[in-house]
Amino acid sequence: MKILGIESSCDETAAAIVENGTRILSNEIASQVDIHARYGGIVPEVASRQHLLAIIPIIEKAMDKASTGWHEINAIAVTHGPGLAGSLLVGVSVVKSIAYAKKIPLVGVNHLEGHIYANWLTETHPVFPLLCLIVSGGHTDLIHMRRHGDYTLLGHTMDDAAGEAFDKAARILELGYPGGPAIDKAAQHGQPCLALPYSWMSGTHNFSFSGIKTALYRMVEKGKIDNINDAAASFQQAVVSILVSKTIAAASECGAKQILLSGGVAANSLLRRRFRQESPIPILVPPPILCTDNAAMIAACGYFRLQAGDKSTLDLDVIPSLQLV
Ligand code: KG4
Ligand code: ZN
């Protein structure tokens, strides 16, 4: 079964074709990063206009790369939330038009569930029950997954999402946008020697990252930082240490057979290394290109949603604050 996936929830316009929820035939991404970098963050109005320009060419590119004709597409999966309303609308409207004109079934996908399903696109397939850490620009969630579609939220961030904290810290250190990759790179040339406060949120599976970011801000304000690379390494170490140790603890407690990492921050090199070194439970993490926003994960998720009997109608609407659990 071939599924065309479409993703336009934030600042990447993406289209992909995935076979049987696991095999990528094409995975195309038109990034707007350079445009938003000028403003130091995503400008929603600019994002939706760019999606409008990029969406048809990116779909055509994905179809070409997969050497697939419309008659071979069995269904279209599209992100309908959470995300920026104007951005989501572009993907959903285009998909509804295609589905209507070509008489192809469609299914609306939750972007966060899509991030989880990036793990079905790797060679080692997930085994239930598992614990999933979703770490993106908008979310930091620990989710216990017993089977397809069965989610329990064990913990979440009480303030900044991990990716948001990376982006804000990079802005404080004037490392540019997007902040996560910039901090990851700078940290490779520094030592984690600054004493930043770690908020463990003991006794819970929740997270808090805003205190670390504020402490970094105060240090910069007081002129206490003389090496930006050391500051980046210290910040990264603090966030990663909390993510790694709290995730492993939650996985042990709920009897997970595997830990799945997903979302943009799962592309972080220290996070990947530390999980592999420290976890007694097997770790699954997609390659970095499947951690950040892409449409292959949406197509994969769409496949499993269709298998479970879910199907959307042409009434499908965007839900900017859509929840997974
Ligand atoms: O999943 P994603 O592409 O979009 C959302 O759904 O939010 O995640 C984007 C987030 C951004 O905050 C970005 O700075 C962060 O992921 N990110 C990273 C890295 N690559 C992307 N954070 C830390 N290290 C990285 N290498
Ligand atoms: Zn995302």
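Note on the chain: GNM, Cα springs under 10 Å; of GLU12, GLU253, GLU28, the largest mean-square fluctuation is that of GLU253. Expressed as a fraction of 2.2 N^0.38 Å, the C-alpha radius of gyration for the range 253-325 is 1.40.
Take the solvent-accessible surface of the protein heavy atoms, probe 1.4 Å, and return the percent of it on the chain that carbon and sulfur atoms account for. Percent of accessible area from carbon and sulfur atoms in the chain: 52. Each principal axis of the Cα cloud of the chain was evaluated for its coordinate range; sorted largest first, these ranges are 62, 46, 30 Å. In whole Å, how far is the Cα centre of the range 30-44 from that of the range 69-134? The distance from the Cα centre of the range 30-44 to that of the range 69-134 comes to 23 Å.
Normalising the Debye intensity of the range 87-154 to I(0), with uniform scatterers on Cα atoms only, and taking log10 at q = 0.13, 0.25, 0.28 Å⁻¹ returns -0.51, -1.08, -1.22.
Divide the volume of the convex hull around the Cα atoms of the range 204-325 by the residue count and you get 164 Å³ per residue.
Would you tally the net charge around LEU316, using a Cβ to Cβ cut-off of less than 12 Å, leaving LEU316 out, and scoring K and R as +1, D and E as -1? Display every interim value, and only then the final one.
Details: positive: LYS96, LYS311; negative: ASP310, ASP315, ASP317.
Around LEU316, the surrounding residues sum to -1.
When Rg and the Kirkwood Rh are both derived from Cα coordinates, the Rg/Rh ratio for the range 1-146 amounts to 0.97. In this structure the range 43-109 gives 45 Å² per residue of accessible area when probed at 1.4 Å with all protein chains present.
Each residue of the range 125-133 was assigned a 3J(HN,Hα) from its phi angle through the Karplus curve 6.51 cos²θ - 1.76 cosθ + 1.60 (θ = phi - 60°); the sequence is 8, x, 10, 8, x, 9, 10, 10, 9 Hz, with glycine and proline shown as x. Placing +1 on the Cβ of every Lys and Arg and -1 on the Cβ of every Asp and Glu, with nothing else charged, gives the chain a dipole about its Cα centre of roughly 400 debye.
Descending by average beta-carbon neighbour count within 10 Å, the peptides 91-100, 1-10 line up as 1-10, 91-100, the highest first.
Annotation: extensible slack from TRP70 through ILE56 equals 3.7 nm (criterion: 0.36 nm per residue apart, minus Cα-Cα distance). With the simple spin-label model, which puts each label point 7 Å out from Cα in the Cβ direction, the ALA249 to THR152 separation comes to 1.8 nm.
Using a Förster radius of 25 Å, what is the FRET efficiency between MET201 and THR313 based on their Cβ-Cβ separation? Nearest 0.05, please. Rounded to the nearest 0.05, the efficiency is 0.05. The angle separating the long axis of helix 210-221 from the principal Cα axis of greatest extent in the chain is about 50 degrees.
Label-to-label distance for ASP159 and GLN277 is 2.7 nm, based on points extended 7 Å past Cα in the beta-carbon direction.
The values are calculated or read from the model by the stated rules, or taken from the named source; none is laboratory data. It should be emphasised that the depicted structure is a prediction, and the values quoted were computed from it without experimental measurement. For neighbour counting, all protein chains shown are included, and Cβ atoms are generated from backbone atoms with ideal geometry for every residue, glycine included. We work out accessible area using only protein heavy atoms, side chains counted, and drop any ligands, DNA or RNA first. Shrake-Rupley method; radii C 1.70, N 1.55, O 1.52, S 1.80 Å.
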